[in-house]
Amino acid sequence: MLARFVRSRTVRLMSDLTLVVGNANTSSWSLRPWLALTAFGVPFAEATVNLRASDAKAQILAHSPSGLVPALKTASLTIWDSLAIIEYVAERFPEKAFWPREREVRGLARAVVSEMHSGFRPLRVACPMNIVATGLAPGPEEGVEADIARIRESWAACLARSGGPFLFGAFSAADAFYAPVVSRFRTYGIGLEGELRAYAGRVWDHPAMGAWRARAAREVAAAAP
Ligand SMILES: N[C@@H](CCC(=O)N[C@@H](CS)C(=O)NCC(=O)O)C(=O)O
């Protein structure tokens, strides 16, 4: 307990950044920047809002004008929205390759991330992220199969081009953006084969993802009756 307090105090003293996130088990948009910042060793403090609390909206609005998490608080302002947060830290820590270094490849990575950020709604609605769960059935939303096919196609093209181990070679913002999809595929038994299966396994087993998964498990255990 004391060690945890000292650690969070130390992080706070080292950094002006606070990432506001929702529940680890279900908040897919929170996972994305948390994973990227953690994987790249950006120092930040955290604030968590339980999105199931009756006053969740008021709690979020105390941090973020959009009323949504994630939000990144800096010394002078708040940046809401997962993709804007990634762009901010990528600019602020240029020595860390959140995006591929080569411009053409970076353009491709941004397209892949934007497609996730603005799309795949049927998959997101039918298969809400639930990190600890397995064996769930997708909801009846139309278009889920098309989303799954497109994600498989996109991952396959990226991996064929980069040679792996991640979508653009080294772990990048793109992998952080698709990490919730990796979790959904697992929870809803959506099959992957060959390189795609290996890729999903690498994301699932990434140390930063392991830390978020452990947090999700603790959170679910603490909420159990
Ligand atoms: N486009 C936003 C989406 C954020 C979002 O939908 N966040 C959800 C949690 S995963 C939220 O804050 N929900 C709370 C609410 O709707 O009241 C982003 O990329 O950050």
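All of the numbers you see were taken from the coordinates with simple rules; none came from a lab. All of these numbers come straight from a predicted model, not from anything done at the bench. A quick note on method: Cβ atoms are made from the backbone with ideal geometry, for glycine too, and the neighbour counts reach across all protein chains shown.
Observations
- At q = 0.22 Å⁻¹ the log10 of I(q)/I(0) for the stretch 106-225 amounts to -1.38, computed by Debye summation with a single uniform scatterer per C-alpha, solvent ignored.
- Shown in residue order for the stretch 26-32 are the 3J(HN,Hα) couplings computed by the Karplus curve 6.51 cos²θ - 1.76 cosθ + 1.60 at θ = phi - 60°: 10, 8, 5, 6, 5, 4, 4 Hz (x for Gly and Pro).
- Listed from fewest to most Cβ neighbours within 10 Å, the set 14, 116 follows the order 14, 116.
- Taking a sphere under 11 Å around the Cβ of residue 132 and counting the other residues whose Cβ falls inside, with K and R at +1 and D and E at -1, yields a net charge of +3.
- Ordering of 28-41, 170-183 by packing is 170-183, 28-41, highest average first (other Cβ atoms within 10 Å, averaged per residue).
- If you sort the three axes of the alpha carbon gyration tensor as a ≥ b ≥ c, you get a/c of 1.5 or more for the chain and a/b no higher than b/c, which makes it oblate.
- In a simple Cβ point-charge model (Lys, Arg +1; Asp, Glu -1; nothing else charged), the chain has a dipole of about 620 debye relative to its Cα centre.
- The value of relative contact order for the stretch 2-96, using C-alpha pairs under 8 Å at least six residues apart, is 29 percent.
- Counting DSSP beta bridges with both ends in the chain, the antiparallel % (nearest 5): 65 percent
- Helical contribution to [θ] at 222 nm, DSSP H n ≥ 4, -39,500 (n - 2.57), averaged over the chain, rounded to 500: -18000 deg cm²/dmol
- Qualifying trypsin sites (Lys or Arg not before Pro) for the stretch 101-172 [loop in DSSP, other Cβ within 10 Å: at most 13]: 101
- Options 47, 79, 61, ranked by Cα towards positive dipole end of the stretch 2-96, top entry (Cβ charges): 47
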